[in-house]
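A quick write-up on the structure given underneath.
The values are calculated or read from the model by the stated rules, or taken from the named source; none is laboratory data. Owing to the predicted nature of the structure, the values given are computational and were not obtained by experimental measurement. Quick reminder, even Gly has a Cβ in these numbers, built from the backbone with ideal geometry, and neighbours come from all protein chains shown.
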Protein chains: 2
Amino acid sequence: MTEAVSRPTLEAVAALAGVSRATVSRVVNGGDGVREPLAERVRQAVAELGYVPNRAARSLVTRRHDAVAVVIAEPEARVFADPFFALQLRGISKELTAHDNQLVLLLTEGRDDHARVARYLAGGHVDGALVFSLHLDDPLPGLIHDAGVPTVFGGRPDWGDDPRAGRSAGVVYVDCDNRGGARAAVRHLVDLGRRRIAHLTGALDQTSAVDRLDGYREVMADVPGGADARLVVESDFTPAGGERAMRTLLDRCPDVDAVFAANDLTALGALRVLRESGRRVPEDVAVIGFDDMLPVTEQTEPPLTTVRQDIEEMGRLMARLLLHGLPGGRDRVALRADTPPDGGVILPTTLIRRASA
Amino acid sequence: MTEAVSRPTLEAVAALAGVSRATVSRVVNGGDGVREPLAERVRQAVAELGYVPNRAARSLVTRRHDAVAVVIAEPEARVFADPFFALQLRGISKELTAHDNQLVLLLTEGRDDHARVARYLAGGHVDGALVFSLHLDDPLPGLIHDAGVPTVFGGRPDWGDDPRAGRSAGVVYVDCDNRGGARAAVRHLVDLGRRRIAHLTGALDQTSAVDRLDGYREVMADVPGGADARLVVESDFTPAGGERAMRTLLDRCPDVDAVFAANDLTALGALRVLRESGRRVPEDVAVIGFDDMLPVTEQTEPPLTTVRQDIEEMGRLMARLLLHGLPGGRDRVALRADTPPDGGVILPTTLIRRASA
DNA sequence: TTGAAAGCGCTAACAT
DNA sequence: ATGTTAGCGCTTTCAA
């Protein structure tokens, strides 16, 4: 690559300021134990020369990299196109940037990449990893665990039958309260007087979909006649899937009077089919989504009641946890979040009432 | 961060193989000038110890980082949620991975971040940058240029009145043939016998939207009565925008018999409104999109005729250009693409005929 | 073809 | 409080 004009070194700054390299280093790294007038002279020199520390040299001695890998398993393009990731990445990026850490992006698709990623992480090029492993039975969590890198997972990982699961293995993840959010949504529908409350699930190979379904079932167990299995239709978090599922549902249970969709996009599809079928929302059928993606929920007709989760904050929290909250981290962070027994951090959800329910 | 168990060093490998560090280094870096039996012994030792080179130490002496920054200006969340970026990133990731380069992701929003990014790039932490600067008058390209880092832009950047523009400044960008693709689309509509051919534009603060509009105009200039300004409705690349624009269009020109939408999402919105208005596609109104996002184009009713561009390939090409094709790069790459006079590389587009036109 | 040795720029332990 | 110095792990002359 192009020969960058050689940047000024500590040496140069030291010379200009008339001090030793060590002193400059101290000032650059926070300036403890350097008397003010001297420190100021150093800062001047730094500014004058436009000095920027050489990360490689620093890493070599500190054995830290100030770099974090973000691993995104992306079997389908859809996964990434999801605004979800965009928001989470944004949160991560902000937090890392604020702490002068680099974000190294690792996209994977398929087995070969898994090995590659594992090797990379084990290679010790980054201080930690933030991993999005959405799918059940994904071998990635296990591989990464074996790599011995401090890791925070985005979303509750599925460990299947793997005995290394849970806190015992030092696993940390951040998720939103999928189950609680689902319960709140369904309870709200119950409070509205609805009884034939259906659920259009998300892709059930993802823990978030499973957890939301569980929440739905918990509440429905107490609703007379609520255990009707026909009220649950499997879908996949997409608008098209929502349409299909809603058609199936109307077919099976024309008497449905409420729908809890696994996410806003699914709700979007459901609304379309409901309108098509001549049903009024919320009069005939109440609809609730999940996520509160504003571009969706505020544009629907009628505006969508939904369960809000702060996705960007999830990302930020993942990064914060990795940087400060992990064993060996610089300090512990105070969390405003639940901490379930399995090593996760669960962010709260809020029911946002709009017109659809 | 956690104290990673200290990885084996060159020294260790050398000891195990019974050779000098220099020899190990040679083998690890390609193995030129090392006799085979020896080289094999070294490889054995590397494997046995699970040796992975320390990038920091290497960078310190080579002054290369094998790292590339991907800068994404993201004023709105939407920008990132676009499948477009996902695909381009994928292409970039693949190419960088294949050459053992790290992808350092830099997300920006707003002025403060610009300065930060410029500082980072100027700081010499990466060997080059891939920059997505979608919006006209974005100061980022200028700042980055000043940072003196080898850079490839994604999409034709707008240099406004900046005199540093173009090849003179060594600017390189990769784009698809927006103008040519638009021409092909409109010509196809003309060949179909359509005369009242409308264009729903993209967000006109992006060069891709401007170029597509230009292509449309070029062809329409030769169509009798084609210069009707009312046939052009400004939109914004979104389905909702497409709906709005289509309504406006039907209002202004009820006699429209063809629509060239700036992208597939816009076409999606347009199709919806056309159906609503009782018009048949393509009998009454033919519709063409742009991008060929399969999840969209294959699912519409009817399936969407569109202009395909290979987005992932654009990303891959950007990375390849940065790694091999830039002044000072390791070697020149052979391109199957046009190279316009202004320093860009333009990938071809193809008209994909489906049922909508 | 292989080895010995000199740093790359920085931090941290030790001296002062 | 400041300076001196010894490496961190690697590549790269230069000698053999």
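Numbers for the structure displayed
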item: Some residue of segment A:10-25 being touching a helix residue (DSSP H, G or I) at 6+ places or on another chain (Cβ under 7 Å), within 14 Å of chain B (Cβ to nearest Cβ) and more than 13 Å from DNA strand D (Cβ to nearest atom); result: no
item: Test for A:Ile92: is it touching a residue at least 12 places away in the same chain (Cβ under 8 Å), touching a strand residue (DSSP E or B) at 6+ places or on another chain (Cβ under 9 Å), closer than 25 Å to B:Val68 by Cα and within 13 Å of chain B (Cβ to nearest Cβ); result: yes
item: Failed criterion for A:Pro8 (all others in (1) over 30 Å from A:Val149 (Cα atoms); (2) surrounded by fewer than 21 Cβ atoms within 10 Å (Cβ to Cβ); (3) free of Cβ contacts under 8 Å to residues at least 40 places away in the same chain hold); result: (3)
item: Criterion (farther than 16 Å from B:Val287 by Cβ and in the same structural domain as B:Glu301 (by TED's automatic domain parsing)) met by exactly one of B:Leu268, B:Leu213; result: B:Leu213
item: Every pair of residues 6+ apart whose Cβ atoms lie under 9 Å, when the first sits in segment B:221-250 and is modelled with pLDDT of 95 or more and part of a strand (DSSP E or B) while the second is of a type in the set (Phe, Trp, Tyr) and surrounded by 16 or more Cβ atoms within 10 Å (Cβ to Cβ); result: B:Val232/B:Tyr216
item: Options A:Thr97, A:Thr62, A:Thr108: the member that is within 16 Å of DNA strand D (Cβ to nearest atom) and among the hydroxyl-bearing types (Ser, Thr, Tyr); result: A:Thr62
item: Tally of residues being basic (Lys, Arg), within 9 Å of DNA strand C (Cβ to nearest atom) and farther than 24 Å from A:Leu103 by Cα across segment A:16-68; result: 2
item: Candidates B:Thr238, B:Thr248, filtered to the one that is β-branched (Val, Ile, Thr), touching a strand residue (DSSP E or B) at 6+ places or on another chain (Cβ under 9 Å) and farther than 17 Å from B:Ala355 by Cα; result: B:Thr248
item: Checking B:Pro83 against (1) away from DNA strand D (no atom under 14 Å from the Cβ); (2) buried (at least 16 other Cβ atoms within 10 Å of the Cβ); (3) at pLDDT 95 or above; (4) farther than 22 Å from B:Pro141 by Cα, the condition it does not meet; result: (3)
item: Residue match in segment B:313-324 (condition: under 30 Å from B:Gly344 (Cβ atoms), assigned to a helix (DSSP H, G or I) and among the basic types (Lys, Arg)); result: yes
item: Residues located in segment A:120-138, provided they are out of contact with any strand residue (DSSP E or B) (no Cβ under 9 Å at 6 or more places or on another chain) and either at pLDDT 85 or above or outside the structural domain of A:His324 (by TED's automatic domain parsing) (or both); result: A:Ala122, A:Gly123, A:Gly124
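Table: residues versus (1) under 26 Å from B:Ser59 (Cβ atoms); (2) within 14 Å of chain B (Cβ to nearest Cβ); (3) within 9 Å of DNA strand D (Cβ to nearest atom); (4) modelled with pLDDT under 95.
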| site | (1), (2), (3), (4) |
| --- | --- |
| A:Val34 | no, no, yes, yes |
| A:Pro37 | no, no, yes, yes |
| A:Val46 | yes, yes, no, no |
| A:Leu49 | yes, yes, no, no |
| A:Ala57 | yes, yes, yes, no |
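Let's see how each residue does on (1) among the charged types (D, E, K, R); (2) within 21 Å of B:Gly123 (Cβ to Cβ); (3) not in a helix (DSSP H, G or I):
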site	(1), (2), (3)
A:Arg7	yes, yes, yes
A:Val19	no, no, yes
A:Arg26	yes, yes, no
A:Gly33	no, no, yes
A:Ala39	no, no, no
A:Val46	no, yes, no
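Conditions tested, residue by residue: (1) within 13 Å of chain B (Cβ to nearest Cβ); (2) under 25 Å from A:Tyr216 (Cβ atoms); (3) surrounded by fewer than 22 Cβ atoms within 10 Å (Cβ to Cβ).
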residue	(1), (2), (3)
A:Val273	no, yes, yes
A:Glu276	yes, yes, yes
A:Arg280	no, yes, yes
A:Phe290	no, yes, no
A:Thr305	no, yes, no
A:Glu313	no, yes, yes
A:Ala319	yes, no, no
A:His324	yes, no, yes
